[in-house]
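Visitor: Got a structure for you, questions after.
The values are calculated or read from the model by the stated rules, or taken from the named source; none is laboratory data. Every value quoted in this text rests on a predicted model; they were computed, and no experiment measured them. For neighbour counting, all protein chains shown are included, and Cβ atoms are generated from backbone atoms with ideal geometry for every residue, glycine included. These accessible areas exclude ligands, DNA and RNA; they are computed on the full protein's heavy atoms, side chains included. Shrake-Rupley method; radii C 1.70, N 1.55, O 1.52, S 1.80 Å.
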Amino acid sequence: MKKYKPNRYAVISFCIWLLPLFGIAQNCDAITRKQLKDKLEQMGLTVKMLNEKAGEEKYEVNHPSSDFNVPVAYEISSSTNYIWLTAFLGSAESAIESKSLEMLKENSKIQPCLFYITAKGNLMMGLAIENRGVTNTILRRHIDKIVSDVSKTASIWQK
């Protein structure tokens with residue numbers, strides 16, 4: 001009689017299939033505006049409310065870096081597909097004339113962060129995060145990225 005030897009690929013596939021049953025798989029749902037605020041507070045950050053209107057909630061957290069105190073605004077897009085982290089860098093008027101080409105070139109170095117100008121003429125740096133499976137660790141990585149990029153590009157955007 002031959003000894004039964006299970007196919008190792010079948011065993012591995014079966015084990016992977018079981019992972020969600022044990023709560024080990026990552027949750028890939030979108031987070032809500034309240035959950036975004038809760039995550040920021042869970043990280044020990046002081047959250048200021050910028051907009052309290054239901055469905056348009058926007059928060060701000062001051063992040064000290066070695067050179068600046070970088071206020072970053074947090075909001076979930078109206079489609080709920082993205083979480084936007086934005087930093088106000090000042091009026092775009094002076095930057096447009098002398099530094100616009102430099103900022104466009106810098107976008108290729110700092111991506112996925114980017115410089116942009118709002119309809120009101122404000123110079124901003126933004127970072128969009130896909131709103132799926134966002135954990136505190138993932139959010140922290142993106143916060144560190146935008147704060148670092150604001151600091152390291154100061155020579156370009158400052159007057």
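Visitor: Any idea which of Lys99, Lys105 is farther than 17 Å from Ile129 by Cα, modelled with pLDDT under 90 and open to solvent by 40 Å² or more (accessible area, probe 1.4 Å)?
Guide: Sole residue among the options that is farther than 17 Å from Ile129 by Cα, modelled with pLDDT under 90 and open to solvent by 40 Å² or more (accessible area, probe 1.4 Å): Lys99.
Visitor: How do the pairs read when you match residues in region 54-75 that are on the phi > 0 side of the Ramachandran plot and of a type outside the set (Ser, Thr, Tyr) with residues anywhere that are outside any strand (DSSP E or B) and surrounded by 15 or more Cβ atoms within 10 Å (Cβ to Cβ), using Cβ under 6 Å and keeping only pairs 6 or more apart or on different chains?
Guide: The qualifying pairs do not exist here.
Visitor: Which of the numbered conditions does Trp157 fail, given that it passes all the others? Conditions: (1) of a type in the set (A, V, I, L, M, F, W, C); (2) at pLDDT below 90; (3) more than 19 Å from Asn69 (Cβ to Cβ).
Guide: (3)
Visitor: Which residue out of Ile117, Ile138, Ile156, Ile129 is touching a residue at least 12 places away in the same chain (Cβ under 8 Å) and under 24 Å from Arg33 (Cα atoms)?
Guide: Ile129
Visitor: Would region 73-89 turn up any residue that is more than 18 Å from Gln35 (Cα to Cα), open to solvent by less than 80 Å² (accessible area, probe 1.4 Å) and at pLDDT below 95?
Guide: Within region 73-89, one or more residues are more than 18 Å from Gln35 (Cα to Cα), open to solvent by less than 80 Å² (accessible area, probe 1.4 Å) and at pLDDT below 95.
Visitor: So which pairs qualify, if the first residue must be in region 27-43 and open to solvent by 50 Å² or more (accessible area, probe 1.4 Å), the second must be of a type outside the set (Gly, Ala, Ser), the Cβ gap must be under 7 Å, and the two must be at least 6 apart or on different chains?
Guide: Cys28/Arg132; Ala30/Thr80; Ala30/Asn131; Ala30/Arg132; Lys37/Val47; Lys37/Tyr59; Glu41/Val47; Gln42/Asn136
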